[in-house]
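The values are calculated or read from the model by the stated rules, or taken from the named source; none is laboratory data. All figures in this text were calculated on a predicted structure; none of them were measured in a lab. Ideal geometry is used to build each Cβ from the backbone, glycine not excepted, and the neighbour counts take in all protein chains shown.
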Amino acid sequence: MKSYFFAVPLCAALAFSAQTAHAQFQENVRRSLFSDQKAFDVGDAVTILIVESTEADNQATTSDSRSTSLGAGVDINTGGTPVDPSVSISSNNEFRGKGQTTRQERLRTKLSARVVAMEKNGNMRIEGRRTTQINGESQTITITGVVRPADIQSDNSVLSYHISEMTLVYEGEGTITTAQEPGLITKFLRMLF
């Protein structure tokens, strides 16, 4: 009878601890205890390390020159005084144009995204968005693209240049953004010309 009283609480404790352990590791049902915690299914989060650097330089020079000359002459001798009615027309047109564009952009930040769809080949379609507001300025970063599981590092992060079909939008609005926009008259004149 003593063993019966000892066995019932022991069974109850084991059942409770097994249920607690099951709830604790339910998040990792399909993952090995020895693997890295990486995104691999819809709804999982992944950290995007945005490291974008763009540099573009465009230079053009145009030179055009045209010259046209037309001349006509008639000699008429009327007996004593020669008449020389000659006509000469000339035209000269010259154009030189030069243009240069240089642009440099650099964006480095971290952004969390989530897996929104799985493709048939195992690649993950991701979407992420972050908005920050500082002193009346609102900055929004939005990223979408496709990530291969092999490109996700052991700390569950992926570099932005490993994301295919990536769309990265960096927008801002506020007093500084408004001050950088041209005025109404300038916008009107740009529409006309």
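Just the residues that are surrounded by 10 or more Cβ atoms within 10 Å (Cβ to Cβ), hydrophobic (A, V, I, L, M, F, W, C) and modelled with pLDDT of 75 or more, please, taken from segment 22-71.
First, the residues of segment 22-71 that are surrounded by 10 or more Cβ atoms within 10 Å (Cβ to Cβ): 22, 25, 28, 31, 35-42, 44-53.
Going one step further and asking which of them are hydrophobic (A, V, I, L, M, F, W, C), we end up with 25, 39-40, 42, 45-46, 48-51.
42, 45, 46, 48, 49, 50, 51, listed by residue number.
Within segment 152-173, is there a residue that is at positive phi and at pLDDT 90 or above?
Among the residues of segment 152-173, at least one is at positive phi and at pLDDT 90 or above, which makes the answer yes.
Return yes when residue 99 is touching a residue at least 40 places away in the same chain (Cβ under 8 Å), under 30 Å from residue 64 (Cα atoms) and either among the hydroxyl-bearing types (Ser, Thr, Tyr) or part of a strand (DSSP E or B) (or both) and no when it is not.
Yes; evaluated as a whole, the condition is true for this residue.
In segment 136-163, which residues are part of a strand (DSSP E or B) and under 11 Å from the mean Cα position of the chain (by Cα)?
Listed by number, the residues that qualify are 141, 142, 143, 144, 145.
Regarding segment 145-157, can at least one residue be identified that is over 19 Å from residue 106 (Cα atoms), in contact with an Asp or Glu (Cβ under 8 Å, 6 or more places away or on another chain), of a type in the set (A, V, I, L, M) and surrounded by 14 or more Cβ atoms within 10 Å (Cβ to Cβ)?
Yes - at least one qualifying residue is present in segment 145-157.
Those residues that are closer than 19 Å to residue 125 by Cα and not small (Gly, Ala, Ser), I need them from segment 135-154; list them, please.
Correct list: 141, 142, 143, 144, 146, 147, 148, 149, 151, 152, 153.
Against the condition modelled with pLDDT of 90 or more and within 21 Å of residue 54 (Cα to Cα), how does residue 126 come out, does it pass?
no
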